[in-house]
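Below: the structure, in structure tokens.
The values are calculated or read from the model by the stated rules, or taken from the named source; none is laboratory data. These numbers were taken from a predicted model, which means no experiment stands behind them. Neighbour counts run over all protein chains shown; Cβ positions are idealised from the backbone, glycine included. Heads up: the accessible areas ignore ligands, DNA and RNA and are worked out on the full protein's heavy atoms, side chains in. Shrake-Rupley method; radii C 1.70, N 1.55, O 1.52, S 1.80 Å.
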Amino acid sequence: MSVEKTFIIGDVHGCNRLLERLIERIKWDPENHRLIFLGDYIDRGKDPKAVIELIVGLRERSGAVYGNKLTCLELPGREFVSVRA
């Protein structure tokens, strides 16, 4: 796979609809673009579960880094990289 662009998305904070709109707006092409998600996926927003499901669903075409808020989650089949201060 040749990567033309890499998009880094962070601080989603449980806002699934905004995340979906952002992915549409950047015209993400999974064949030529890489998506990297950075922490703060689940707190504050209305639909944190859907955010996690979306990120996990994109696992074949994206990467994710998480911090301390996701250490309690077990996500079978998904490799997250934990960053600790």
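Pairs linking a residue in segment 48-65 that is over 15 Å from residue 10 (Cα atoms) to a residue that is open to solvent by 40 Å² or more (accessible area, probe 1.4 Å) and assigned to a helix (DSSP H, G or I), with Cβ atoms under 9 Å and 6 or more positions apart or on different chains, are 50/17; 50/20.
Under the condition of being surrounded by 11 or more Cβ atoms within 10 Å (Cβ to Cβ) and either modelled with pLDDT of 80 or more or in contact with a helix residue (DSSP H, G or I) (Cβ under 9 Å, 6 or more places away or on another chain) (or both), the residues counted in segment 58-82 number 12.
Checked against (1) at pLDDT 80 or above; (2) in a loop (DSSP other than H, G, I, E, B); (3) loosely packed, with under 15 Cβ neighbours inside 10 Å, residue 53 passes all but condition (2). For segment 5-21, filtered to residues that are closer than 11 Å to residue 54 by Cβ and assigned to a helix (DSSP H, G or I), the residue that is most open to solvent (accessible area, probe 1.4 Å) is 17. Contact annotation: residue pairs with Cβ atoms under 7 Å, 6 or more positions apart or on different chains, pairing a residue in segment 25-39 that is at negative phi and in contact (Cβ under 8 Å) with a residue 24 or more places away in the chain with a partner that is open to solvent by 40 Å² or more (accessible area, probe 1.4 Å) and of a type in the set (Lys, Arg), are 30/61; 33/5; 35/61.
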